[in-house]
Amino acid sequence: MTLKHIVPLCAILALIFVGATGSVFAFSFGPLDEKTGAPNEGTCAECHVGNDLDSPDGSLTLVDIPGTYMPSEVYEIVVELAHANQSRWGFEMTALDADGAKAGTFELVDEANTQLSTANDKQYVKHTAAGTAQAKWTIQWTAPDTDIGSITFYAAGNAADGKDGAAGDYIHTTSAESTPPIPTVAGVSLEADSMAQSTMDATAGVTYTLTVTNTGNMADTLTLEVSPEVGVDGSVLGKLSQASVELDADATADVTLTVAGDELTAPGDYEVTVTVTSGTDDTKTADVVTTTTIEMPPMPEFPAWDLNEDGIVNIQDLVLVAGQFGQSGADLAGDVNGDGTVNVLDLVTVSSHFGEETAAQAQ
């Protein structure tokens with residue numbers, strides 16, 4: 001008895017009857033195209049009738065379909081068909097984009113057991129006549145050279161019993177999706193704990209805490225730069241505790257900014273700008289501007305007996321008292337004791353502090 005081939009009954013068959021022997025030869029050309037179960041396609045069940053589609057006694061599996069494809073990458077895919085008590089096997093598979101167009105390219109790695117065909121600009125890979133003796137097939141698939149969105153692999157398989165007729169055939173279908181790689185997105189943000197501070201000690205300066213954030217979707221090295229020095233008379237500089245930070249996606253790091261001047265720095269407001277730049281995409285930047293106020297130090301307080309406020313009590317102070325001796329009234333420098341009259345008591349007070357250094361000298 002002639003062994004029934006895996007080809008769907010509706011495939012092209014040439015039957016040659018030879019004389020009185022009654023022998024029948026069947027020529028298999030593989031399954032018809034567009035029978036994978038893809039949208040607007042049928043399945044082999046249209047011809048192999050008699051059993052439910054996707055019987056629980058068997059399965060069709062696509063192994064190593066990339067969950068995420070990389071453009072132009074080559075992948076090796078295995079098609080596995082299983083069903084209890086069956087002895088002949090076949091399959092057909094295609095890969096389509098969201099619009100139902102051909103996606104990527106199949107290539108043969110086992111030409112004896114697999115073959116390619118094209119229909120309506122779609123590509124199909126399927127078994128050959130020799131390939132019906134096995135239930136596993138290996139194919140190469142090359143991804144498109146650009147991101148075309150999600151790609152779906154559709155496949156149908158026929159697990160046959162090797163007998164005449166379609167009653168013993170079971171059709172299984174499956175599909176698997178491969179998504180494009182997530183585009184690399186770079187991003188940065190920069191915040192300061194305060195935007196303005198002041199100090200009367202220019203050389204000590206002030207410090208700011210800057211929070212750097214990698215807002216991209218991959219690890220990145222973020223570079224920080226501070227604006228050049230500014231100054232009136234003296235200078236004011238911004239210094240960073242570190243010039244770069246390596247951060248995972250959504251991670252943050254704190255960097256210290258110190259803004260300080262020198263002994264010649266004039267009182268005033270000084271703006272210092274800090275900029276952070278993505279190492280992945282240098283067009284992604286963020287910045288903050290801090291304003292540091294250098295205040296005028298308070299004037300030193302001199303005691304009344306340092307009349308000329310030169311930092312030392314000496315003969316010059318006695319001379320100033322003597323020059324106003326006998327005068328009465330308000331705001332007299334020589335009225336050291338503040339009784340309203342410049343007299344000998346004021347001379348005594350100055351004399352008692354003679355030679356002392358005052359606040360001005362300490363400065």
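Derivation of every value follows stated rules applied to the coordinates shown; laboratory data play no part. Bear in mind that the values here come from a model prediction, so they are computed numbers and not experimental data. FYI the Cβ positions are ideal-geometry reconstructions off the backbone, even for glycines, and counts take in every protein chain you see.
Net charge within 13 Å of Ser227 by Cβ-Cβ distance, Lys/Arg positive one each and Asp/Glu negative one each, not counting Ser227 itself? Spell out each step's value before the answer.
Values: positive: Lys239; negative: Glu225, Glu229, Glu271, Asp287.
Counting the neighbours of Ser227, the net charge comes to -3.
Summing -39500 (n - 2.57) over the DSSP H runs of n ≥ 4 in the chain and dividing by its residue number, what mean residue ellipticity at 222 nm do you reach, to the nearest 500 deg cm²/dmol?
Computed mean residue ellipticity for the chain: -1500 deg cm²/dmol.
Place a point 7 Å from Cα of Asp248 in the direction of its Cβ. Which residues in segment 210-230 have their backbone N less than 16 Å from it?
213-221
In a GNM of the chain with a 10 Å cut-off on Cα contacts, which of Ser198, Ser351, Ser227 has the highest mean-square fluctuation?
Maximum among the listed residues: Ser351.
Counting only other residues whose beta carbon sits under 13 Å from that of Gly67, what net charge do I get with K and R as +1, D and E as -1? Intermediate results must be reported in sequence, preceding the final value.
Numbers: positive: none; negative: Asp64, Glu73, Glu177.
For residues surrounding Gly67, the net value is -3.
What FRET efficiency would be calculated for the residue pair Ala101, Thr285, taking the C-beta separation as r and a Förster radius of 41 Å, to the nearest 0.05?
Numbers: r = 40 Å, r/R0 = 0.98.
Between Ala101 and Thr285 the formula returns 0.55.
Taking only Cα atoms and a 10 Å spring cutoff, compute GNM fluctuations for the chain and point out the largest among Gly104, Gly311, Gly279.
Its mean-square fluctuation being the largest, the pick is Gly311.
Sort 323-334, 215-226 by the packing proxy (mean of other Cβ within 10 Å over each peptide's residues), most packed first. Don't skip to the answer; put the middle values down first.
Values: 323-334: 12.8, 215-226: 17.8.
Top to bottom by mean Cβ count within 10 Å: 215-226, 323-334.
Can you check what the net charge comes to around Asp201, using other residues whose Cβ is under 15 Å from the Cβ of Asp201 (Lys, Arg +1; Asp, Glu -1)? Please report the intermediate quantities before stating the final value.
Details: positive: none; negative: Asp262, Glu263, Glu295.
Computed value for this residue: -3.
In a Gaussian network model over the chain where Cα atoms closer than 10 Å are linked, find which of Val188, Val348, Val236 has the largest mean-square fluctuation.
Taking springs between Cα atoms under 10 Å, the residue moving most is Val348.
Determine which lysines satisfy two conditions relative to Lys163: a Cα distance under 23 Å, and not lying fewer than 8 residues away in the same chain.
Of all the lysines, those that pass the test against Lys163 - Cα under 23 Å, at least 8 places apart if same chain - are Lys4, Lys35, Lys126, Lys136.
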